Amino acid sequence: MRSRAEVLVERFILNSRWLLTPFYLGLVLVVVALAITFFRELWHLYATIFTAGESDVVLTVLALVDVVLVANLLIMVVISGYENFVSDIEVAEGVEKPDWLGKIDAGNLKVKVAAAIVAISSIHLLRAFLNVNEMADSKIILLMVMHMVFVFSALLLAYLDKISSHGPKAH
């Protein structure tokens, strides 16, 4: 039989997961800030569309895509993290919900975050290539090396998640 103190300590530890809630709410506020940034950049794009050069338009579009990818990443972290570590998210019958809701565990989330970082890094690298005349070769090489590190890390995380969730394949 467990002691009353043990039960109280365990209940306290279990309920401490609710301390994560302000972090997730803070990330939602970051998404609001990204939305403001997105619409500011979109407004700037349309305000200068007739005077901007092609590369400026492409760079602005890449910046918009970058903001969208970061916002997607944050929403995925907020929803999956909350559901994995705090509480299940109950969705009423007939209410639209993402297909992945309830299906992403902590390992899958790490892989998805790593893949999103690779996508964001790809956009930054493409932006650097479009500004190749304005950047030092050493900086472009550094960006390429960093990108390859992100790619390798994402692949390694995906492999580790695969073998940890399915176990090594028997031969």
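The values are calculated or read from the model by the stated rules, or taken from the named source; none is laboratory data. Everything numeric here is computed off the predicted structure, so don't read it as measured data. Note that we place each Cβ from the backbone using ideal geometry, even for glycine, and neighbour counts take in every protein chain shown.
What to note about this one:
- Of all residues in the range 115-140, none that is within 17 Å of Val151 (Cα to Cα) has its Cβ atom under 8 Å from the Cβ atom of a residue that is among the basic types (Lys, Arg) and outside any helix (DSSP H, G or I), 6 or more apart or on another chain.
- Taken as a whole, the range 28-40 holds at least one residue that is surrounded by 10 or more Cβ atoms within 10 Å (Cβ to Cβ) and either over 18 Å from Leu73 (Cβ atoms) or modelled with pLDDT under 90 (or both).
- For the range 136-154, a residue qualifies if it is polar (S, T, N, Q) and surrounded by 10 or more Cβ atoms within 10 Å (Cβ to Cβ), and exactly one does: Ser153.
- In the range 6-35, the residues that are under 29 Å from Leu69 (Cβ atoms), more than 17 Å from the chain's Cα centre (by Cα) and β-branched (Val, Ile, Thr): Thr21
- Only residues that are farther than 18 Å from Asp56 by Cβ and either of a type outside the set (S, T, N, Q) or at pLDDT below 90 (or both) were counted in the range 123-163, giving 28.
- Trp18 modelled with pLDDT of 90 or more and either within 26 Å of Ser122 (Cβ to Cβ) or among the hydroxyl-bearing types (Ser, Thr, Tyr) (or both): no
- So Ile117, is it within 10 Å of the chain's Cα centre (by Cα) and not in a loop (DSSP other than H, G, I, E, B): yes
- In the range 51-100, the residues that are of a type in the set (D, E, K, R) and touching a residue at least 40 places away in the same chain (Cβ under 8 Å): Asp66
- Residue in the range 61-69 that is part of a helix (DSSP H, G or I), β-branched (Val, Ile, Thr), more than 24 Å from Asp99 (Cα to Cα) and out of contact with any Pro (no Cβ under 9 Å at 6 or more places or on another chain) present: yes
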